[in-house]
Amino acid sequence: MRILLLSDIHANLEALDACLEEAPEHDVVVNLGDIVGYGASPNEVTERSRQVGNVVVRGNHDKACSGLSSMEDFNPIAGLAVLWTRTILRRDNLNWLRELPPGPAHIPGVEGAQFVHGSPHDEDEYLLLLPEALESLDEAEPSLTFFGHTHVQGGFYAGPDEAAAIRPIYDSHGTSEKYVFKLRKNVRYLINPGSVGQPRDGDWRAAFALFDTRTFSVTYYRTQYDLAKAQQRIIEADLPERLATRLAQGR
Ligand code: ZN
């Protein structure tokens, strides 16, 4: 089975469209949450996610933007985006977001893999560094977890005698590229496809990944998208300008 992994789209329609166009053939689409928040196309992106998502878990922004949770833990700019998104979301999209499950999610027929937004034990936990990731890896059952939330493409692994972060290696920041990462048996993995709509790993290109159960490998992708258009929409919506400028920096 070939599983397309999308995460942290954050209402960036141009980035989502580019990823779907670039995506290789696949059988299932898994969406790891944070469909809305930050970007200026929450209705369009929610609609597209409803059409193409076979398995979806909710993110913290989906909860806040649909009124399920407060904005307590959000910084002022993120909070403004939540308020704006709440006013603009159509009722049917808001209800759909509100009913998304927290995860971990599973796919029938795909043994040994789970799908979460934050970490296996806490949907809101950030797994940014190896020490905290190791705690999750030590306890994780099944041994292969796909997660998002940090907007950093790559992940972590822990084998019998070594543990490390995974960071895809690319030649440029300019063109569309991919990076194949072969998985091994008896190793535990936390795999992050990266953020479609607001990368924070210094690379502005939209990120996603494909998990192929037959070849037991993950292919990471970075793809160019119409950045100027996404920025223009943010400015025209009167959202904080920083939400537009950060897209160009990948921060
Ligand atoms: Zn996010």
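The values are calculated or read from the model by the stated rules, or taken from the named source; none is laboratory data. Predicted model only: the values in this text are computed from it and were never measured. Positions of Cβ are backbone-derived with ideal geometry, glycine not excepted, and every protein chain shown enters the neighbour counts. Areas reflect the complete protein model, heavy atoms only, side chains present, ligands, DNA and RNA absent. Shrake-Rupley method; radii C 1.70, N 1.55, O 1.52, S 1.80 Å.
GNM remark for the chain: springs join alpha carbons under 10 Å apart, and the peak mean-square fluctuation among Lys185, Lys63, Lys229 falls on Lys185.
The label-point distance for Ile77 and Arg214, in a model that sets each label 7 Å from Cα toward Cβ, rounds to 4.4 nm. Across the alpha-carbon set of segment 154-214, the Rg to Rh ratio works out to 0.99, Rh being the Kirkwood radius. For the residues Ala40, Ala81, Ala113, a GNM of the chain with alpha-carbon springs under 10 Å puts the largest fluctuation on Ala113. Across the chain, C-alpha contacts under 8 Å between residues 6 or more apart give a mean separation that, scaled by the residue count, equals a relative contact order of 23 percent. With the helix formula -39500 (n - 2.57) applied to DSSP H stretches of n ≥ 4, the chain reaches a computed 222 nm mean residue ellipticity of -8500 deg cm²/dmol. Based on the Kirkwood radius over alpha-carbon pairs, what value in µm²/s does the Stokes-Einstein equation return for the translational diffusion coefficient of segment 1-107 at 25 °C and 0.890 mPa s? Estimated via Stokes-Einstein, D reaches 178 µm²/s. Rolling a 1.4 Å probe over the protein heavy atoms gives the chain an accessible area of 43 Å² per residue.
Looking at the chain as a GNM with Cα springs under 10 Å, which of Glu125, Glu22, Glu139 has the largest mean-square fluctuation? Its mean-square fluctuation being the largest, the pick is Glu139. From the P(r) of segment 102-186, can you give the percent of Cα pairs sitting at distances over 18 Å? When all Cα pairs of segment 102-186 are counted, 47 percent exceed 18 Å. Principal axis extents of the Cα atoms in segment 128-251, from largest to smallest and rounded to whole angstrom, are 51, 27, 21.
Here the chain is treated as an ellipsoid with the same Cα gyration tensor; its semi-axes, largest first and in whole Å, are 27, 19, 17.
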